[in-house]
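The values are calculated or read from the model by the stated rules, or taken from the named source; none is laboratory data. Predicted model, so just to flag it, every value in this text is computed and none were measured. Positions of Cβ are backbone-derived with ideal geometry, glycine not excepted, and every protein chain shown enters the neighbour counts.
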Amino acid sequence: MFYFDEIGGKKILKSDLIKKANAFFTTREICICDKGEDKNVETENNKKIIENHIKTRLISPIQTHSANVGTAIKNKFDYPDTDGLILTDKNLAIFLNFADCTPLIFYDEKQNIGAVSHAGWRGTAQKIGVITARKLIDEFGSNPRDICVLIGPAICGNCYEVGIDVYNHFSPSFLPPAPEQTKNIKIDLKEINRKQLTQIGIEKIDICPYCTCCDNEYFYSYRKENGTTLRHSAVLKLK
């Protein structure tokens, strides 16, 4: 179950599915990412608040709506063209940024490893969540039954309208039959990601009830806010 908590008096969103790692989503109150050209002083201050809380520096990749998944490495801070990061070092912390796309936080308590992935429609169509989970399983020894996944705040199925060109990128097993109209089709990225992950044996999944568009007072929405450069973030620090 998701619930609001605080860091430095500023609101964050957590889930009780992951208790033994620092796994959370920032809100508008503690934004740590401004993709605009001007450096935002408030985002830098917020980042310091979080880094002081988790006692380590935050690492973030350059997201490009790809299905590329890397691994966070000590003293490496440059991860180009990367929309998922595996975390195996308890002395590091990672974050990725969102403003409608679906955030995925993975954590395996037994192995004490995890990951964060960015699943927009392109990443979801390419199954970035499955790719991330497979790396945890095949390269780092996780058992699918031990992996917990938080599907974070994202635009909901009632708000996310796409055209037939986007719809056609998805497997029929994840969507109803193609509609007669060619635009204003609604799809639920949270639910598609859930289905993809359950197909590979992951059952411990918590889906955030908040929509970035409906609940815009808490989170950023690229669509509702006419292309805002501000982002909320998914953060992971191992125990």
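Scanning the stretch 5-53 for residues that are out of contact with any Cys (no Cβ under 8 Å at 6 or more places or on another chain), surrounded by fewer than 19 Cβ atoms within 10 Å (Cβ to Cβ) and assigned to a helix (DSSP H, G or I) yields ARG28, GLU29, VAL41, GLU44, ASN45, LYS48, ILE49, GLU51, ASN52, HIS53.
Put simply, of ASP5, ASP100, ASP34, ASP16 the only residue that is at pLDDT below 95 and acidic (Asp, Glu) is ASP34.
Output the residue which, of all residues in the stretch 147-186 that are of a type in the set (D, E, K, R) and assigned to a loop (DSSP other than H, G, I, E, B), is surrounded by the most Cβ atoms within 10 Å (Cβ to Cβ).
Per the criteria, the residue is LYS183.
The residues on offer are GLU109, GLU191, and the sole one that is farther than 28 Å from GLU217 by Cα and of a type in the set (D, E, K, R) is GLU109. All conditions in (1) surrounded by fewer than 18 Cβ atoms within 10 Å (Cβ to Cβ); (2) over 15 Å from the mean Cα position of the chain (by Cα) hold for THR64, with the sole exception of (2).
Yes or no, residue by residue, for (1) out of contact with any helix residue (DSSP H, G or I) (no Cβ under 9 Å at 6 or more places or on another chain); (2) free of Cβ contacts under 8 Å to residues at least 60 places away in the same chain:
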site: GLY163; (1), (2): yes, yes
site: LEU189; (1), (2): no, no
site: GLN196; (1), (2): no, no
site: ASP206; (1), (2): yes, no
site: ASP215; (1), (2): yes, no
site: TYR222; (1), (2): yes, no
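Screening LYS48, LYS39 for residues that are modelled with pLDDT under 95, on the phi < 0 side of the Ramachandran plot and out of contact with any Leu (no Cβ under 8 Å at 6 or more places or on another chain) leaves exactly one candidate, LYS39. Restricting attention to the stretch 113-146 and to residues that are over 18 Å from ALA21 (Cβ atoms) and in a loop (DSSP other than H, G, I, E, B), the residue that is nearest to the chain's Cα centre (by Cα) turns out to be GLY120. Has the stretch 83-93 got any residue that is buried (at least 21 other Cβ atoms within 10 Å of the Cβ), without any contact (Cβ under 8 Å) to a residue 40 or more places away in the chain and under 14 Å from the mean Cα position of the chain (by Cα)? Yes, the stretch 83-93 contains at least one residue that is buried (at least 21 other Cβ atoms within 10 Å of the Cβ), without any contact (Cβ under 8 Å) to a residue 40 or more places away in the chain and under 14 Å from the mean Cα position of the chain (by Cα).
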